[in-house]
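Read the structure below first, then the notes.
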Amino acid sequence: MDAVCDLVVDLVHAYVAARPERLCLHAAAVETASGILLIPSTYRSGKSTLATALAARGARLFSDDVAPLGPAGEVEALGMLPRLRLPLPAGLGAAAQALTAAHPGPTSARYRYLALDAAGLAPRGTRRPVAAIVTLERAEGAAPALMEGDADHALQHLLLRNFARGPLPSRIFLRLRRLAAAVPCYRLRYGEAAEGAALLAERFAPLAPREVLDRAG
């Protein structure tokens, strides 16, 4: 399993190197009826568990960790299975726990991949526009809240999470500033993944039925 995880990292870097004009973010991305919710965040911040909790509510996963951005700011799915750290947190929620049990993938002592089909995981090469940017403020015991953010705050998170270095720095800045200014930006404060997913589902409800998403892909 460790070899597989290392290979995935190498494949992502090869993907980025072969597309020098494409940006690539450390971010989760899920598809709702409105479009893609882009959730830029750092390692071990809870974005994978949040994305899984949203998938249990009917959203379709585009990414739990790596989200490529095309020239127009659209997200491209890489088709990689989402990976969760073990043990699964109790705050994942009953629905997401059931989802992981129903779709087990390769598992080690530290990680479990989710073997989702095309209804739950966008096939490689699927592209969708960003509908909103959501930054995370996760703290144990925090009262859950979804607050309107601003473009400058979102831009800072996008810049910090981009690891593609092909374009000139000025072009990276301009492209991400244009994206942050073009879509609504939110700050999600939460303690448990189920709580955060519930707030996002309420704001962006109804989440698109999976059979509709599958036909659209």
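The values are calculated or read from the model by the stated rules, or taken from the named source; none is laboratory data. Just so it is clear, the structure is predicted and the values come from calculations on it, not from any experiment. Using ideal geometry, Cβ is built from the backbone for each residue, glycine included, and neighbour counts are taken over all protein chains shown. These accessible areas exclude ligands, DNA and RNA; they are computed on the full protein's heavy atoms, side chains included. Shrake-Rupley method; radii C 1.70, N 1.55, O 1.52, S 1.80 Å.
Values for this structure:
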quantity	calculated
Pairs, first over 15 Å from residue 38 (Cα atoms) in the range 173-201, second surrounded by 23 or more Cβ atoms within 10 Å (Cβ to Cβ) and of a type in the set (S, T, N, Q), C-beta under 6 Å, six or more apart	193/49
Selection count, the range 34-63, where residues are open to solvent by 20 Å² or more (accessible area, probe 1.4 Å), assigned to a loop (DSSP other than H, G, I, E, B) and farther than 21 Å from residue 149 by Cβ	4
Failed criterion for residue 111 (all others in (1) open to solvent by 30 Å² or more (accessible area, probe 1.4 Å); (2) modelled with pLDDT under 95; (3) more than 15 Å from the chain's Cα centre (by Cα) hold)	(1)
The range 45-70 residues that are under 18 Å from residue 132 (Cβ atoms), paired with ones that are of a type in the set (S, T, N, Q) and open to solvent by 10 Å² or more (accessible area, probe 1.4 Å) (beta carbon under 6 Å, 6 or more apart)	47/41; 64/48
Positions within the range 136-165 being in contact with a Cys (Cβ under 8 Å, 6 or more places away or on another chain), part of a loop (DSSP other than H, G, I, E, B) and either farther than 25 Å from residue 178 by Cβ or charged (D, E, K, R) (or both), in sequence order	150
Residue selected from the range 144-170 under the condition within 21 Å of residue 14 (Cα to Cα) and free of Cβ contacts under 8 Å to residues at least 40 places away in the same chain, by the criterion least open to solvent (accessible area, probe 1.4 Å)	159
Matching residues, the range 1-19, being of a type outside the set (A, V, I, L, M, F, W, C) and open to solvent by 70 Å² or more (accessible area, probe 1.4 Å)	2, 6, 10, 13, 19
Test for residue 104: is it in contact (Cβ under 8 Å) with a residue 24 or more places away in the chain and either among the small types (Gly, Ala, Ser) or open to solvent by 50 Å² or more (accessible area, probe 1.4 Å) (or both)	no
Out of 126, 135, sole residue that is touching a His at 6+ places or on another chain (Cβ under 7 Å) and under 22 Å from residue 72 (Cα atoms)	135
Tabulated pairs, the range 1-20, first more than 18 Å from residue 75 (Cβ to Cβ) and part of a helix (DSSP H, G or I), second open to solvent by less than 60 Å² (accessible area, probe 1.4 Å) and polar (S, T, N, Q), C-beta under 9 angstrom, 6+ apart or interchain	2/108; 4/108; 5/108
Per-region count, the range 64-101, residues in a strand (DSSP E or B) and either buried (at least 24 other Cβ atoms within 10 Å of the Cβ) or not basic (Lys, Arg) (or both)	7
